[in-house]
Amino acid sequence: PLAVRTSVTSRYETVYRSTTAQEEAALDVATAREADAALRPLQDASLGSLTVYVVPETSSLLPQGISVYVGKHRSALVRAGGGLATLRTRLRQLTQVMSFTASSITAALSDRVPDGQLGPDARRHLKSSLGYEITFSLLNPDPKSHTVDWDIEDAVNRYVQPVLDKLSLVANFSVDSQILYYAVLGVTPRFDKESSSFLLSAHSLPHVINPVEARLGSSAASLYPVLNFLLYVPERSHSPLYIQDKDGAPVSTNAFHSPRWGGIMVYNVEAPASPQTSLPLHVDVDMVRVMEVFLAQLRLLFGLSREELPPEFLLESPGNEGLADWELDRLLWAHTVENIATVSTTLTSLAQLLDKIGNIVIKDDVASEVYRAVASAQSAMAKLATGHLHSAFQASKEAVTSSERAFFDPSLLHLLYFPDDQKFAIYIPLFLPMAVPILLSLAKIVREARQHKKEPTKMD
């Protein structure tokens, strides 16, 4: 039904072949991880491609009980056995995991699909953009009690930058950091006598963000979406502070994220062993623990969360890069489809708006941007249909840029926000004072002309 409504379908071109001698040598290793690394140079490196190697049922490459191994590049190992029907089922499950599917289309077009057709997490993903700004903020509401040091520069270079380098194909990223003092969450936590700690319940978490966001100040002057990652060191009077989920259980990471906004992590400081300890306490933040949480939240914001898989599936960890090659492909597919839909919406809105304004003049450069946007969008769709993912994504970005240039062109703005009714409202007060004596004079002339006609003409 989705394909009928959106006219978007996913189609696979499947080619079968025997393994080469080099691939056989690469598969003759001890573990699946080693095989995945050895097979990478032998694969089709183009974005969106997927290579599946069917290994014998008795192969020791896959651990006991594992039938499908998904590597961190663009390949997978599938155990033979159970006949062609079983193999076909495993391959179908594999494409659902590693490739673009109907559910991916639904998520990419979530803003244009009725709510009833969406899953609970469909609108959690960030919208496609040419760039993103990432802000790491340390919130210290009680600097009299805590002196907090965090080596954010080293942490970004070590843990965040490899992920952003991988995502550089998708968009441009900028990263900054800040420390905010006396910035509180705005919600008073509840004290729990049993655990001698303070608790933030799940229903109070949405009220935490607005008071904090007013202090951040990062999104006001930004052209691109801003992702906020906040590390909150609770004040001494509210320590330790723990976050509860909907069932009342403590959240293991002591963190939560807000869709399309960012995430907040509460970092508790151990109480001093002696009450006579001088304040402020010196706190060195464990950046490894913090960045593990923030990178997991970054994946969620980009829609890279791992779905529940059958127990016979084994997914390789992407390592320091943060996401596998096939996850990058899925992200590019989703953003390409979303970009094309955005261009269609922008140009349709522009056409409808121009139809309502009869006296508008379209400059040649605006028209050329519209033509360029249409051509780029058509090119992106054609390249998607032939499987050229990278060039399709680039064409879709060019289409978005051209369509927005046309829509927000300065020559149109003053006409869009200055319709005819506003012209009357502005000019009538100016011309009315002059029009009154002119109209009175005209009325007097007409009246005198009528009286002159009524008087009898004297005959000599």
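The values are calculated or read from the model by the stated rules, or taken from the named source; none is laboratory data. Since the model is a prediction, treat every value here as computed from it, not as a measurement. When we count neighbours, we look across all protein chains shown, and the Cβ atoms used for this are built from the backbone with ideal geometry, even at glycine. Accessible surface is based on the protein model in full, side chains and every heavy atom, while ligands, DNA and RNA are left aside. Shrake-Rupley method; radii C 1.70, N 1.55, O 1.52, S 1.80 Å.
Overview of values
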read-out: Rounded to 5, percent antiparallel among DSSP beta bridges of the chain; value: 25
read-out: SER368/HIS452 FRET efficiency (R0 51 Å; Cβ-Cβ; nearest 0.05); value: 0.20
read-out: Label point distance in nm, SER252-ASP44, each placed 7 Å from Cα along Cα→Cβ; value: 3.8
read-out: Region 222-286 - charge dipole about Cα centre, Lys and Arg +1 at Cβ, Asp and Glu -1, debye rounded to 20; value: 220
read-out: Most to least accessible of HIS203, HIS146 (protein chains only, probe 1.4 Å); value: HIS203, HIS146
read-out: Nearest-ten-degree value, helix 287-301 long axis tilted from longest Cα axis of the chain; value: 60
read-out: Karplus 3J(HN,Hα) series, Hz, for region 186-198 with 6.51 cos²θ - 1.76 cosθ + 1.60 (x for Gly, Pro); value: x, 10, 7, x, 8, 7, 10, 5, 4, 9, 6, 9, 9
read-out: 0 to 90° range, to nearest 10: angle between helix 389-407 axis and the chain longest Cα axis; value: 20
read-out: Pairwise FRET efficiency - ARG289 versus ASN157, Cβ, R0 = 25 Å, nearest 0.05; value: 0.90
read-out: Given charges at beta-carbon only (K, R positive; D, E negative), |dipole| of region 131-302 in Debye; value: 400
read-out: Note, ³J(HN,Hα) from phi for region 371-381, Karplus 6.51, -1.76, 1.60, rounded to Hz, x at Gly and Pro; value: 4, 5, 5, 5, 5, 5, 5, 5, 5, 4, 5
read-out: Spacing of the two label points (7 Å from each Cα toward its C-beta) at LEU223 and ASN172, in nm; value: 0.6
read-out: Backbone HN-Hα couplings from phi across region 72-80 [Karplus 6.51/-1.76/1.60, Hz, Gly and Pro as x]; value: 9, 10, 10, 9, 8, 10, 10, 7, 6
read-out: The chain, dipole about Cα centre (Lys/Arg Cβ +1, Asp/Glu Cβ -1), debye to the nearest 20; value: 1980
read-out: Segment LYS193-HIS282, length gained on full extension (0.36 nm per residue, minus Cα span); value: 29.3 nm
read-out: Inter-label distance, nm, simple model (7 Å from Cα along the C-beta direction), SER411/THR386; value: 3.4
read-out: Cα-based Kirkwood hydrodynamic radius, region 325-413, one decimal, Å; value: 13.5
read-out: For region 122-191, with +1 on Lys and Arg beta carbons and -1 on Asp and Glu, the positive-most of ALA155, LEU126, VAL184 along the dipole; value: LEU126
read-out: Cα principal axis extents for the chain, largest first, Å; value: 137, 74, 38
read-out: Positive dipole terminus of region 124-249, leading residue within PHE229, SER201, LEU164 (C-beta point charges); value: SER201
read-out: Amide H within-cut-off set for ILE179, under 5 Å, with H built and near neighbours excluded; value: LEU138
read-out: Nearest-ten-degree value, helix 420-454 long axis tilted from longest Cα axis of the chain; value: 10
read-out: Under 5 Å, built H, 5+ apart or other chain: amide partners of VAL54; value: VAL78
read-out: Whether region 214-330 is rounded, prolate or oblate, judged on the alpha carbon gyration tensor where a/c under 1.5 counts as rounded; value: prolate
read-out: Theoretical gain in end-to-end length, ILE357 to ALA85 [0.36 nm per residue, Cα-Cα removed]; value: 91.8 nm
read-out: Full-extension gain in nm, ALA214 to THR14, via 0.36 nm per residue minus C-alpha separation; value: 66.8 nm
read-out: Which of THR336, GLY83, PHE408, positive extreme of dipole for the chain (C-beta unit charges); value: PHE408
read-out: Per residue value of the accessible surface for the chain (all protein chains in place, 1.4 Å probe), Å²; value: 57
read-out: Bins of 10 Å, starting at 0 and running to the largest distance - Cα pair percent for region 131-302; value: 9, 38, 36, 15, 3, 0
read-out: Surface accessible to a 1.4 Å probe, TRP333 within the full protein complex, Å²; value: 40
read-out: Surface share of carbon and sulfur [accessible, 1.4 angstrom probe, percent] for the chain; value: 56
read-out: Anchor LYS397: aspartates and glutamates whose Cα lies under 16 Å away (excluding residues fewer than 8 positions away in-chain); value: ASP329, GLU338, GLU369
